[in-house]
Amino acid sequence: MSTLRNKVQLIGNIGNEPKITNLESGNKVVRFSMATNEYYRNAQGEKVQSTQWHYVVAWDKKADIIEQYTHKGKEIAIEGKLISRSYTNEMGVKCYVTEIVASEILLLGSKNEATPVNEIEVKSDEVNGDNTSLVETLLSDDTKEAKADKKPQTRRRTTAKKNADKVAKS
């Protein structure tokens with residue numbers, strides 16, 4: 001139960017191009033805004049969209065994944081914790097910000113969405129050096145072939161064959 005004390009899960013779209021920073025210590029950090037949408041009906045019965053903006057921070061391997069495989073508008077799911085901090089801006093004004101530090105990232109979106117990822121499976125120990133995070137995005141072989149040919153494929157592979165191929169690659 002102690003892991004539920006400060007936990008945030010969001011599914012939304014990246015609002016700006018992720019900003020990558022390589023620190024002198026050798027660490028990498030990426031910052032980006034993320035929009036989540038909520039829909040409801042008002043008193044007149046009209047559908048209304050409410051958008052909330054969140055600031056997300058990801059470190060090291062997660063930052064590499066965001067840098068390589070995402071862009072403005074890409075749909076992602078993140079899990080992390082809230083942190084609040086303050087800083088003094090260029091004009092000497094103290095500013096307060098609440099951010100989400102991502103511990104897990106899941107790349108989402110349609111299979112036909114233009115993205116440089118063909119297939120990525122990152123084990124938790126590759127991301128953090130421990131078992132606290134898991135990132136998985138798998139696209140079917142049909143999607144990879146369609147991207148290569150730029151035309152739809154009619155051949156379908158069975159789930160058993162796909163699973164056997166995944167095991168063979170491991």
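Residues whose amide H lies under 5 Å from that of LYS74, counting only those 5 or more places away or on a different chain, are ILE14; hydrogens are built 1.01 Å from N in the peptide plane. Sorting the segments 79-85, 43-49, 66-72, 103-109 by their mean number of nearby beta carbons within 10 angstrom, highest to lowest, gives 103-109, 66-72, 79-85, 43-49.
Fully extending the segment from TYR87 to GLU38, taken as 0.36 nm per residue of separation minus the present Cα-Cα distance, adds 14.6 nm. Among the listed pairs LYS28/LYS94; LYS47/LYS81; LYS47/LYS94; LYS19/LYS47; LYS7/LYS28, a Cα-Cα separation exceeding 28 Å is found for LYS47/LYS81; LYS47/LYS94; LYS19/LYS47. Above 18 Å, the calculated P(r) of the stretch 1-117 contains 59 percent of its Cα-Cα pairs.
Read-outs throughout are calculated quantities, based only on the coordinates presented, and are distinct from any laboratory measurement. Model, not experiment: these values are computed from the prediction. Positions of Cβ are generated from backbone atoms using ideal geometry, with glycine treated the same way; all protein chains shown enter the neighbour counts.
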